[in-house]
Every structure is written in C-alpha cells, then in structure tokens.
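Asks: Pasting in a structure now, in structure tokens, and then I'll have a few things to ask.
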Amino acid sequence: MPPLPPGVTAQQFSNALREFGSAVGPEWVLSTDEDIRTYRDAFSPFWEEAEEPIPSAAVGPNTVEQVQQVVRIANKYRIPLWAVSTGRNLGYGGAAPLNSGTIVLDLKRMNRVLEVSEENAYALVEPGVSFFDLYRDIQERGLKLMLDLPQPGWGSVMGHALDRGVGQGPYEDRFGAHCGMEVVLPSGEVMRTGMGAVPGAKSWQHNPYGFGPFVDGMFAQSNFGVVTKMGFHLLPEPEALRLVTVTAPRRDDVVPFVNTVGYLKNAGICPASFGIRSPRNDTGYWSASLKFYGPLKVIDAQWEHAQEKFSAIAGVRFQEDALYRFPLSPDAIDGIPNKNVLGIPDLAAFGQGFVRDGRPHGYGHYFFAPIIPMTGEAMLEAQDVFEQAFKQLELPGRGPVGFTGWQRRSLISLISLPVEHDTGKAQKNREAFRGLMRIAGEHGWGVYRAPVVFMPDAMEVYSYNNHALRRFHETVKDALDPNGILAPGKCGIWPRRLREAREARA
Amino acid sequence: MASRREFLQLALAASAVPLAARGVLAAPAGWADESTAPTPLYAVVFDERYPASRAFAGEAKRLGLSTRGIGGDVTRLWFDDLDRRWRQEPAAIAGLTTYGALFCLDVLARDYGMRTRFRADHYLDRAAGRVEHVMAGPAALLRDADTLMRGQAAWGRGLARVVTRHPASPAPATRLTLVARAEHTGEDPAHLVSWVISPWGPPAWAAGGGPESSLVGERAKF
Ligand SMILES: Cc1cc2nc3c(=O)[nH]c(=O)nc-3n(C[C@H](O)[C@H](O)[C@H](O)COP(=O)(O)OP(=O)(O)OC[C@H]3O[C@@H](n4cnc5c(N)ncnc54)[C@H](O)[C@@H]3O)c2cc1C
C-alpha cells in the first residue's frame, strides 16, 4: 500500500483520487504499488530504507485546464503535489518527491512541440517534450537549428532547465536560454511571463523580460508554480565545430591557464561550456577541453587566437581532437563517440553497463556540485579543501578531478557519490555528502543544484543574515500557496503549516 | 500428488546441466489458469560485442524472430525503431544485454505502458568456469527454464529459448537461481542481463492520452 499524504485520511484520499480521475480521466490516476514503483528514484540515496520518499499516487493531466483542475482539487484536500516534466532527474532525485505521500503531477502527456522558428531560432514547448522529441521535430522539418544538451537525451527540455541544468554548447545555461513561461499558480490561475503577459503577444519568445519585475527565476528550483509552457532560444546550426585539448604541465600553471580559459569564454571567443581536468600526473597537470562552434573561418581564427594566448605558459601543448562540418551524414554521425556536443541526443552515458568498483553493476550515483569562481586560485583551494574533506569523511580518491566551466566566471566542481543498497554504506555516503556540503559552506561555496532528499540541507548553507533569503522565499510561498500544496520543502522552502517539520529535522 | 513447490524442485533436480539450482519458489496463485501462450516478440535485442549475446541472437533468429544488434548504447534502436513502433502500439521485446541497456529500455518502455516482466542476471565466474543465472519472472516460464537451457553449450542460446516462451498474459512471478558450467566464455563480461519487456496494464503516456494530445510533428493549438 503506498503511503497516504500526511494529515489526509484514507477516505479523503480516495475521494480526491476520484476527483482527479474526473479531471484527467481515471486511467491517468495511478495508485497501484506497481505504478508507484516507477516514480521511485532509481538512484535514491535512501533506497529501500524507511526514509525513502514514496509517492502516494501519480496524476497525468493532458492540458493546461486539467493542470488547473488538479491544483484546485489538491487545494481542496490539502494534498501535496510534486510536478515533473519527464521525471528523469537521475543523480538529483529522479521523479520522486521530497516527502512520502506526495502525489506526483506527471506532465509527460503534455508533450507537444508548440512552435519552432528557424528564422528567430527558438522553440515553444510543453513540459513532456524531451530532447529526443524536439530533435526529431527539428530533423523531420529540416530546420537548421541545433540543440544544447545534457548527457542523457531522454530528459525534458523544460524540467532540465527548471532545475537549472547544464548543456554542452554555447547555450549551456539552459535556464538562461529560456524565453517566456506559462505557469499555473498554486491557486489554479494561469499566468504568462515576459512579453507573454500582453494579450495576443507577438514577441513572447523573442524577448524574455517584458515590463516590470522579471519573475521567471521564481519558478526554477522552487515550489511556486507548475510551468506548462516554456520558450527556448536555440543555436542556429553552425558551419563547423572544432574540439581541442590544451594541457599545461605544472601545478603552478593553473592561474594563467584558467585566466586564459576564462578570458576566452568571457570575451565570447569560446563561449561553450568546457571541462578542466586535473589528472595531476606527467601527461599535464591541467587539461582543458574546448569547443569552437561557428563558421570555419571564424573558428580557425578563434583557435589561432586561443593558442597565442595560451602560449604565454611554458610547455603548453595543443591537440586538435576533431573537426566536424555540418550538416553531418547519418554515417558520419554513427561513428562519433560524443554526439551530445553536436546537438544529437543520446543515452550513451548509460551504455557501458554501470560498471563500478569492479562490481558487476553499480546502483547509480548522486551529485555534489558546488560552484567556485573561475580562477586558478579557487581551483587549487577547492582541490586542497576537498582532498582534506575526502580524508576526513573517509571517501575513496583525492577529491574532484574534473571541473565544468558553466556560466561565465564560475566552475562546477563535480563530485559523484555512489548509491549503495547496503544500509550501512548508504548511511556513510549520506553523511559524507552532508559533510561535503557543510565544508563547502564553510569556505563560501554553495551547490548549484542538489538531489531532492538533500535540498533542505543545501538551502541551510545559503544562510546569510539569519536566512534572510529563505525567509523571503517563505514569505512568497505563504502568499502564493497558503495551503502549501506545491512541493512542500522543495529547495528548503516550507509552507507555514509544515515549517515545524523543518525545525524538527534540524 | 506433488505440490507445485515439489514439482518444481523435482524438475530442477532432474536437470543434468546445472551444477546447482536454488529456487525461491513462492506458491503462485492460479497456477492452473496461467496462460502459456507466448508473448509475440517484436524484436530480440543483443549486444554485438559479447559471444553469449550473439549466441542468444543466433538462436532467436533460428526460432524465426527478428533481431537487433546494439553496441551498448540503445539510442539508435530506440530512436529509429522502437519509439516509432511503440507510438503505433506497444510491442514486446526481449534481449540479452548489459544492465545499462536494460535500464534505459525499461525506463523508456514505461511511457508506452510496458514493464519488464522477466529479468535474469547472469554472473560469470570465468576462473571457476561457472555462470550463475538469477531469474525473476512468470512462474510458468521459470518452471521450464532449466529444461530449456539443458544441453546448451552456449548458455545464451538456452536463454533465447526461455525468453521466447514468455507468457503473453499477466502471470504470478517467482524467482529461480541456476548455476551452470560456462566453458566458452570468450569476451563475455562478468555481468549480463536477459529480459522481456511486455505490454501490460497501465496506459501509454508517450503516445498521449486522447484527442487533445499530439504525436511529435503535429502542431497543437495553444
Ligand atoms: C549519467 C548522467 C549524466 C548526466 N548529465 C547531465 C548533464 O550533462 N547536464 C545536466 O544538467 N544534468 C545531467 N544529469 C542529471 C539529470 O539526469 C538531467 O539533468 C535530466 O535531464 C533531468 O531530468 P528531467 O529533464 O526529466 O527533469 P524532471 O525530473 O522532469 O524535472 C527536474 C526538476 O524540475 C522540476 N520540474 C519539472 N517540471 C516542472 C514543471 N513543469 N513545473 C515546475 N517544476 C518542474 C521537478 O520537480 C524537478 O525538481 C545527468 C545524470 C546522469 C545519471
């Protein structure tokens, strides 16, 4: 039997399910054990433990009106809802809510690509549109547009952006690439943001701001509304892509090395996301993988300029890894190992069979992802701090090996912790995760995103002036969602009636 | 008359090939009513890199089934083939692949109202020349698994005979472990999985649920 929402009787719950069924069709209310299982987080840090959050049901609306009705019914019964677009947020919580008994509002059926403009390079999509879906749409219509993708292609364009996920090209900041939203508020009312607030708007996907306060950010990593439409700017298909690797030999090279990478990014010469690895051995202490997208002549000149800049570092080495010319033939695509950088979604990240620690198969992982400044000094500090932290928390390895250049001026220092199905090991890793978060906070670093079960802990770190930011969020939460029905506790934001739960956790 | 449990144990004990067999044999309700009509399989998926998987495909082909090779990543298979097929109508597939490939197909298939109904983990101990098959699936299928795999030098081939008999209608599930000799291990990895994903029960999400929903490519009004 799936758990009931807290404070809701079995009779109320069954009445609510019936009303949800009238709104969306009874076959789209899923509440059997077998169905509920599909909404568990396959990478749960609490797998099969009492604390693993298990939803009570899932409801699948197909239209905005149905979303409104579901939200109103949830208000009537005070049943919490947890919206997902495709619910494949593996490493950050999957489709599972924070609290057991919550109903998953599964928006996968709303999978319409509403508009794609080649001329102005944008798309307007519903929540359930995956990167695969949008890619197929663009390909079938022969549009000269390119997607900016996370590694797994099965996630949603919208959900990924609402969790402020990371792409791999020049439009890497997926939330930053959005333009205009339609949101169902916790009251059930529909609102459009930016230019979309003008009835009959002609420039909803052309300009993000409209007039007055810019509120879109309030609906990402939050529990203030259910987003039902979202516009995205797309990259016009470039003529070519050049992949290169630059290595610098010594640990001390880090400052000029990262300064140069940062300059190239901030100046728009190499704006795509990049990786910096630190194998800390003779192959070069630092190594950056850079991507140049654009007309061949332009990227040749950019690469030449980049080499000039890096050449100030003695012993720096350059390697050209690949040059792709668009459009690519299907045969050419077949042989390319990392298709994501070409805007082609895939699932290759899962293809190698989850092999881990010499065991036949692992159980997945979850991500600790603090943001540090894009400077050499910050990277060295992060390496030292996390190397110490790894020792202290008895984690294997020496800390972060890779840094992702995401956004101008900042890096993500990505560390993944293995999911364990042995309770003792799982508990140890959870403590290590919380320890890493605490240690990062002590050094002025917060995470850019967090697995759902650690969201409240992540927000604890953002505590300046006695949690002024969280108190602000909660003032907004109480005003918009007085019954606290949307994702209570998500990102550490609790509605008034459940705030005591946080104090109890503390 | 022997109970179901005894019947199964007898059947396993009679097998020549397995070195050992451990059945976790719940007494499934409605045994006598179980339909044994096999699931029509739209495709049999194998990993071209591994001999056991190739043997599995060879036998499936011999049994008249259509096979699809992958090199670990399921993207092309799903994007160019399964997704198109499943948008018309869910259709069962079976395979012998890495766990990663099954993980992806299992998640993707859920959106078309399908679930993994049979799964066997194959743990290869090359040094000992043994393979352990840890199976979970319809009891009627597992009852015959040992017999079907008996006498097969390539265990992948035996597995093909098992999955192709997967019953079409929902059936009570059980578990079974077989340990067998594995002589020609070649390049097989330490762990592979065989599986059947078949339509059953819940509605299909990806195809949309009614007249208002559209398949990809169609433009909806907003
Ligand atoms: C091997 C591997 C590689 C990965 N690589 C990357 C990568 O390169 N980049 C990256 O960013 N991530 C990566 N991830 C993490 C994650 O898998 C992806 O970000 C994934 O695309 C997110 O899932 P989704 O799109 O299904 O989002 P969902 O699960 O649908 O949603 C994500 C979040 O947004 C909220 N949300 C969704 N829809 C709505 C809505 N309509 N209204 C309000 N709130 C909503 C959800 O509550 C949830 O908190 C990786 C994971 C793995 C396991």
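The values are calculated or read from the model by the stated rules, or taken from the named source; none is laboratory data. Computed from a prediction, not measured in an experiment: that's the story for all the values here. Glycine gets a Cβ as well: all are built from the backbone with ideal geometry, and neighbour counts include every protein chain shown. Surface accessibility is based on the protein's heavy atoms, side chains included, excluding ligands, DNA and RNA. Shrake-Rupley method; radii C 1.70, N 1.55, O 1.52, S 1.80 Å.
Asks: Accessible area lost on pairing A with B, both sides, 1.4 Å probe, Å² to nearest 100?
Replies: About 3900 Å² of accessible surface is lost on pairing.
Asks: At 15 Å minimum axial length over the Cα atoms and a Kyte-Doolittle cut of 0.5, report the qualifying DSSP H helices in chain A, or say none.
Replies: Values: long enough: A:10-24 (21 Å, -0.10); A:64-77 (20 Å, -0.29); A:254-266 (17 Å, 0.65); A:296-310 (21 Å, -0.70); A:376-392 (24 Å, -0.46); A:423-442 (28 Å, -0.94); A:464-480 (24 Å, -1.01).
Helix filter hits for chain A: A:254-266.
Asks: For the full complex of protein chains and a 1.4 angstrom probe, list A:ASP334, A:ASP478 by accessible area with the highest value first.
Replies: The ranking, largest first, comes out as A:ASP334, A:ASP478.
Asks: Give the residue list of chymotrypsin sites (Phe, Trp or Tyr not before Pro) in region A:191-240 that are DSSP loop and have at most 13 other beta-carbon atoms within 10 angstrom.
Replies: A:TYR209, A:PHE211, A:PHE214
Asks: If you don't mind, there's one more thing I want to ask. Among residues other than B:HIS122 whose Cβ falls under 9 Å from its Cβ, what is the net charge (Lys/Arg +1, Asp/Glu -1)?
Replies: Value of the local net charge: -3.
Asks: Here's a follow-up. Does any residue of region B:65-100 lose at least 30 Å² of accessible area with all protein chains in place compared with its chain alone, and if so which ones (probe 1.4 Å)?
Replies: Relative to the lone chain, where solvent access is computed with a 1.4 Å probe, region B:65-100 loses at least 30 Å² at B:ASP73, B:THR75, B:ARG76, B:TRP78, B:PHE79, B:ARG84, B:TYR99, B:GLY100.
Asks: So what is the accessible area of the protein assembly as shown per residue, in Å², with the probe set to 1.4 Å?
Replies: So the protein assembly as shown comes to 40 Å² accessible per residue, rounded to a whole number.
Asks: Based on DSSP H runs of at least 4 residues, each adding -39500 (n - 2.57), what is the mean residue ellipticity at 222 nm of chain A after dividing by all its residues, to the nearest 500 deg cm²/dmol?
Replies: -9000 deg cm²/dmol
Asks: Here is a further query. Modelling each spin label as a point 7 Å along the Cα-to-Cβ direction, I'd like the A:ALA201/A:ASN120 distance in nm, to one decimal.
Replies: Using points 7 Å along Cα→Cβ, the separation is 1.0 nm.
Asks: Sticking with this one: Quantify, in whole percent, the carbon and sulfur part of the accessible surface of region A:99-215 (1.4 Å probe; protein heavy atoms only).
Replies: C and S fraction of accessible area: 52 percent.
Asks: Now, a different point. First measure r as the distance between the Cβ atoms of A:ASN259 and A:SER329, then evaluate 1/(1 + (r/R0)^6) with R0 = 51 Å and state the FRET efficiency to the nearest 0.05.
Replies: Details: r = 40 Å, r/R0 = 0.78.
Efficiency computed from Cβ-Cβ geometry: 0.80.
Asks: Considering only protein heavy atoms and a probe of 1.4 Å, how much of the accessible area of region A:247-351 is carbon and sulfur, as a whole percent? All intermediate terms of the calculation are to be shown ahead of the outcome.
Replies: Numbers: 2450 of 4760 Å².
C and S fraction of accessible area: 52 percent.
Asks: In nm, give the distance between the simple-model label positions of A:HIS467 and B:TYR123, each being 7 Å from the Cα along the Cα-to-Cβ direction.
Replies: According to this spin-label approximation, the distance is 4.5 nm.
Asks: Also, quick follow-up: Taking a label point 7 Å from the Cα of A:LEU296 along the Cα→Cβ vector, which residues of region A:319-352 have an amide N closer than 14 Å to it?
Replies: A:323-328
Asks: Quick one: order A:SER416, A:SER22 from most to least accessible surface, probe 1.4 Å.
Replies: Solvent-accessible surface, decreasing: A:SER22, A:SER416.
Asks: With every protein chain present, what accessible area does B:ARG110 have (1.4 Å probe, heavy atoms only), rounded to the nearest 10 Å²?
Replies: Near enough 60 Å² of accessible area.
Asks: What pairs in A:LYS144/A:LYS297; A:LYS108/A:LYS477; A:LYS297/A:LYS339; A:LYS144/A:LYS229; A:LYS339/A:LYS490; A:LYS108/A:LYS339 have C-alpha atoms more than 29 Å from each other? Walk me through the numbers before you get to the answer.
Replies: Working: A:LYS144/A:LYS297 19 Å; A:LYS108/A:LYS477 26 Å; A:LYS297/A:LYS339 23 Å; A:LYS144/A:LYS229 23 Å; A:LYS339/A:LYS490 33 Å; A:LYS108/A:LYS339 25 Å.
Table pairs above 29 Å Cα-Cα are A:LYS339/A:LYS490.
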